[in-house]
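Single-structure report; data block below.
The values are calculated or read from the model by the stated rules, or taken from the named source; none is laboratory data. Just so you know, these numbers come straight off a predicted model, no measurement behind them. No Cβ is skipped: glycine too gets one built from the backbone with ideal geometry, and neighbour counts run over all protein chains shown.
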Amino acid sequence: MAYLDLRGLEKRYDATVAVAHMDACIEEGTLVALLGPSGCGKTTTLRMVAGFVTPTAGEIHLDGARIDRLPPYRRNIGFVFQNYALFPHLTVAENVAFGLRMRRLGRPDRDRRVGEALALVGLAALADRYPTRQLSGGQQQRVALARALVIEPDMLLLDEPLSNLDAGLRSEMRDEIRRLQQRLGITTLFVTHDQQEALAMADRVMVMSHGRLIEDSDPRTLSEHPRHVFSAGFLGARSVLPGSVRNARFEAMGGLSVALGPEDPPDPSHLVLRAARLQLADDGDVPSSARFRARVTVRMVTYLGDVAQVDVTPGGGISIRVLRPTTLPDPAPGTELTLWADDNAVAFLKETGAEPRHGPDPTSPEQGHQPA
């Protein structure tokens with residue numbers, strides 16, 4: 001397996017900056033997620049590594065060797081496209097064998113490696129079927145994985161690998177991809193806009209915004225202690241409120257007032273409230289140890305299965321999200337309650353400056369561009 005090193009990587013389309021001076025190192029055998037909204041540059045980054053997009057500046061090194069000047073077929077990288085890109089006129093086995101045929105591997109070795117790859121993804125019995133007509137979405141994805149792995153790549157790239165699957169299959173294939181990656185020990189970089197997917201699968205998560213890499217951390221640290229306002233907000237299930245410090249208290253927009261503790265930043269710019277750790281109660285039910293309390297009005301309740309999402313407002317047009325078990329009765333919209341929380345629901349961030357704003361990523365699937 002190999003490690004990946006990106007050095008000052010950039011991609012510009014005239015005045016549009018898709019990726020701006022990206023430095024990153026992906027260790028051998030790890031699975032790393034590129035996470036961010038549509039148009040943030042994550043797909044462009046992946047395709048520059050694969051060789052489908054030529055960098056404007058910077059270098060790409062794989063296991064110490066520079067590869068950004070090599071054509072895709074000489075990089076020995078496996079790539080799974082978002083739409084799988086399977087050949088409808090070829091059988092499952094023929095699809096998986098395609099890369100080996102291009103490498104002019106002899107028939108006996110080719111058949112052996114195709115059989116091993118299909119067994120690896122649990123499709124050995126379906127080798128003679130046609131993928132787009134006779135297989136489910138999850139099975140098609142397994143074919144695409146087998147085709148990427150059969151060439152014995154130094155690295156695996158996945159472009160939104162679960163986006164075309166329904167919720168049940170997404171969870172199943174998420175676990176399957178992680179199992180395969182750990183079993184093979186293959187260095188893997190995958191693109192996703194799904195926060196839960198990134199946190200569940202990755203050893204590291206690299207958050208991108210407007211073409212820039214703004215945070216790079218392990219999933220737990222990123223979730224519990226994000227360093228950037230964008231990361232905290234994009235990860236969802238939390239409310240990020242701007243404000244300022246007055247008399248050792250943070251006065252957030254909407255009238256929330258929280259005392260600053262000795263471990264908090266001395267001059268924070270934003271208050272972060274974790275939705276699953278917030279509490280709603282009548283005034284008399286709030287313990288004296290609560291970090292803060294505020295009267296709020298229930299705006300909306302949304303049933304999500306095991307939890308209910310309760311959107312409340314303290315006023316001023318501010319909305320705060322609360323997640324709580326559906327075993328508790330739902331408050332009616334318009335009800336006034338007290339919002340409170342312990343220390344573990346509260347965090348503060350110091351904004352280091354506005355993120356640069358660039359145009360949309362021209363190579364993002366959402367922009368209608370497909371790889372050559």
- Message: Here are the criteria: (1) surrounded by fewer than 17 Cβ atoms within 10 Å (Cβ to Cβ); (2) under 22 Å from Phe190 (Cβ atoms); (3) at pLDDT 90 or above; (4) not aromatic (Phe, Trp, Tyr). Tell me which single one Pro108 does not satisfy.
- Response: (2)
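Let's see how each residue does on (1) in contact (Cβ under 8 Å) with a residue 12 or more places away in the chain; (2) surrounded by 12 or more Cβ atoms within 10 Å (Cβ to Cβ); (3) in the same structural domain as Ser244 (by TED's automatic domain parsing); (4) not in a loop (DSSP other than H, G, I, E, B):
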site	(1), (2), (3), (4)
Leu273	yes, yes, yes, yes
Leu280	yes, yes, yes, yes
Ser289	yes, no, yes, no
Arg299	yes, yes, yes, yes
Val310	yes, yes, yes, yes
Arg321	yes, yes, yes, yes
Asp330	yes, yes, yes, no
Thr338	yes, yes, yes, yes
Asn344	yes, no, yes, yes
- Out of His270, His210, which single residue is farther than 16 Å from Val346 by Cβ and touching a Lys or Arg at 6+ places or on another chain (Cβ under 9 Å)? His210
- Qualifying helices (runs of 4 or more DSSP H) (wholly inside the range 106-179; at least 3 residues being touching a helix residue (DSSP H, G or I) at 6+ places or on another chain (Cβ under 6 Å) and in the same structural domain as Phe81 (by TED's automatic domain parsing)): 107-120, 137-149
- Residues that are among the polar types (S, T, N, Q): find the strands (runs of 3 or more DSSP E) completely inside the range 185-245 holding 3 or more of those. 187-192
- Residue match in the range 191-208 (condition: over 16 Å from the mean Cα position of the chain (by Cα) and either among the aromatic types (Phe, Trp, Tyr) or not assigned by TED's automatic domain parsing to the domain that holds Asp311 (or both)): no
- Of residues in the range 164-181 being without any contact (Cβ under 8 Å) to a residue 12 or more places away in the chain and of a type outside the set (D, E, K, R), the one nearest to Ser38 (Cα to Cα): Ala167
- Task: Might you let me know whether the range 78-92 holds any residue that is surrounded by 20 or more Cβ atoms within 10 Å (Cβ to Cβ) and polar (S, T, N, Q)?
- Result: no
- Message: Give me the residue from the range 85-105 that is under 31 Å from the mean Cα position of the chain (by Cα), hydrophobic (A, V, I, L, M, F, W, C) and not in a helix (DSSP H, G or I) and, out of that set, farthest from Arg174 (Cα to Cα).
- Response: Phe87
- Options Ile214, Ile186; residue that is of a type outside the set (D, E, K, R), farther than 15 Å from Gly36 by Cα and surrounded by fewer than 23 Cβ atoms within 10 Å (Cβ to Cβ): Ile186
- Query: Looking at Val121, is it under 28 Å from the mean Cα position of the chain (by Cα), of a type in the set (A, V, I, L, M) and surrounded by 13 or more Cβ atoms within 10 Å (Cβ to Cβ)?
  - Reply: yes
